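Colleague: Have a look at this one before I ask anything.
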């Protein structure tokens with residue numbers, strides 16, 4: 001019995017260190033797989049994608065958000081860097097920071113010489129990248145009808161940049177609908193405005209942004225136009241991938 005217990009402990013120890021090794025290997029590979037595809041030239045872009053999944057409660061709005069992210073993702077190229085920020089009631093975190101996997105196009109002469117990029121490996125890495133992007137962008141969507149503060153959400157976007165200049169493409173997936181407000185009811189917006197906006201304390205200075213899955217309702221746009229005009233903030237609601 002004593003030898004049996006000893007063997008069991010040894011097996012558990014081996015499994016424990018084996019799991020640690022696998023985790024470290026995976027993390028190292030993920031980091032390398034993300035970095036080795038980054039383009040060093042000036043043609044590559046960096047996308048800052050901010051996800052406010054907690055502002056989406058309506059099923060149609062969630063589908064609109066998912067479609068908007070899909071359209072945005074179609075616009076990225078091999079070597080572009082994707083940074084996904086997940087925002088929630090307590091703040092935000094950077095949940096993804098990787099470059100899009102894939103072998104860059106090479107000239108005929110370069111193809112004869114050979115390249116360090118394996119097409120098959122790149123395909124495998126792209127598949128894993130796609131799955132991680134989907135998880136990072138949709139994992140915190142509002143599924144339990146939890147409340148949120150739309151003004152805090154906007155302030156959090158400001159806090160990421162704090163007035164600093166960036167050449168990144170800043171895309172924001174946010175409904176822009178205040179919690180509990182029917183976006184088709186102008187009276188609800190008027191009441192919400194009178195109650196919340198006059199004493200609203202917002203300090204906003206962020207770079208130009210494009211929006212994903214933002215409500216197209218005219219009452220929503222009218223409300224925020226009045227808020228941002230009052231607070232001297234430029235936010236033009238330009239949809240991403242639209243000229």
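Colleague: State all residues of the stretch 205-225 that are out of contact with any strand residue (DSSP E or B) (no Cβ under 6 Å at 6 or more places or on another chain), assigned to a loop (DSSP other than H, G, I, E, B) and surrounded by fewer than 19 Cβ atoms within 10 Å (Cβ to Cβ); if no residue qualifies, say none.
Modeller: Of everything in the stretch 205-225, those that are out of contact with any strand residue (DSSP E or B) (no Cβ under 6 Å at 6 or more places or on another chain), assigned to a loop (DSSP other than H, G, I, E, B) and surrounded by fewer than 19 Cβ atoms within 10 Å (Cβ to Cβ) turn out to be 205, 208, 216, 217.
Colleague: Here's something else I'd like to know. Output the residues belonging to the stretch 140-175 that are surrounded by fewer than 13 Cβ atoms within 10 Å (Cβ to Cβ) and over 24 Å from residue 207 (Cα atoms).
Modeller: Residues satisfying the conditions are 143, 144, 145, 146, 147.
Colleague: From (1) closer than 18 Å to residue 170 by Cα; (2) modelled with pLDDT under 95; (3) not in a helix (DSSP H, G or I), pick out the condition that doesn't hold for residue 82.
Modeller: Checking residue 82 against (1) closer than 18 Å to residue 170 by Cα; (2) modelled with pLDDT under 95; (3) not in a helix (DSSP H, G or I), the one that fails is (2).
Colleague: Name the pairs whose Cβ atoms lie under 7 Å apart, with the first residue in the stretch 217-240 and at positive phi and touching a residue at least 12 places away in the same chain (Cβ under 8 Å), the second in a helix (DSSP H, G or I) and surrounded by 13 or more Cβ atoms within 10 Å (Cβ to Cβ), and 6 or more positions between them or separate chains?
Modeller: Filtered contacts from the stretch 217-240: 237/221.
Colleague: Please verify whether the stretch 176-189 includes one or more residues that are surrounded by 12 or more Cβ atoms within 10 Å (Cβ to Cβ), under 30 Å from residue 81 (Cα atoms) and under 23 Å from the mean Cα position of the chain (by Cα).
Modeller: Yes, the conditions are met somewhere in the stretch 176-189.
Colleague: While we're looking at this one, here's another question. Kindly indicate whether residue 159 is within 23 Å of residue 84 (Cα to Cα) and part of a loop (DSSP other than H, G, I, E, B). It would help to see each step written out before you state the result.
Modeller: Numbers: within 23 Å of residue 84 (Cα to Cα): yes; part of a loop (DSSP other than H, G, I, E, B): no.
No, not satisfied.
Colleague: State whether one or more residues within the stretch 35-43 are crowded, with 19+ Cβ neighbours inside 10 Å, in contact with a helix residue (DSSP H, G or I) (Cβ under 9 Å, 6 or more places away or on another chain) and at pLDDT below 95.
Modeller: To start, the set of residues in the stretch 35-43 that are crowded, with 19+ Cβ neighbours inside 10 Å comprises 37.
Then drop every residue that is not in contact with a helix residue (DSSP H, G or I) (Cβ under 9 Å, 6 or more places away or on another chain), which leaves 37.
Retained after the next criterion (residues that are at pLDDT below 95): 37.
Looking through the stretch 35-43, at least one residue is crowded, with 19+ Cβ neighbours inside 10 Å, in contact with a helix residue (DSSP H, G or I) (Cβ under 9 Å, 6 or more places away or on another chain) and at pLDDT below 95.
Colleague: Hey, another quick one. Anything in the stretch 193-204 that is surrounded by 12 or more Cβ atoms within 10 Å (Cβ to Cβ) and without any contact (Cβ under 8 Å) to a residue 24 or more places away in the chain? List them, or say none.
Modeller: If the condition is that a residue be surrounded by 12 or more Cβ atoms within 10 Å (Cβ to Cβ) and without any contact (Cβ under 8 Å) to a residue 24 or more places away in the chain, then no residue fits.
The values are calculated or read from the model by the stated rules, or taken from the named source; none is laboratory data. In this text, all values refer to a predicted model and were calculated from it rather than measured experimentally. We place every Cβ from the backbone using ideal geometry, glycine too, and count neighbours over all the protein chains shown.
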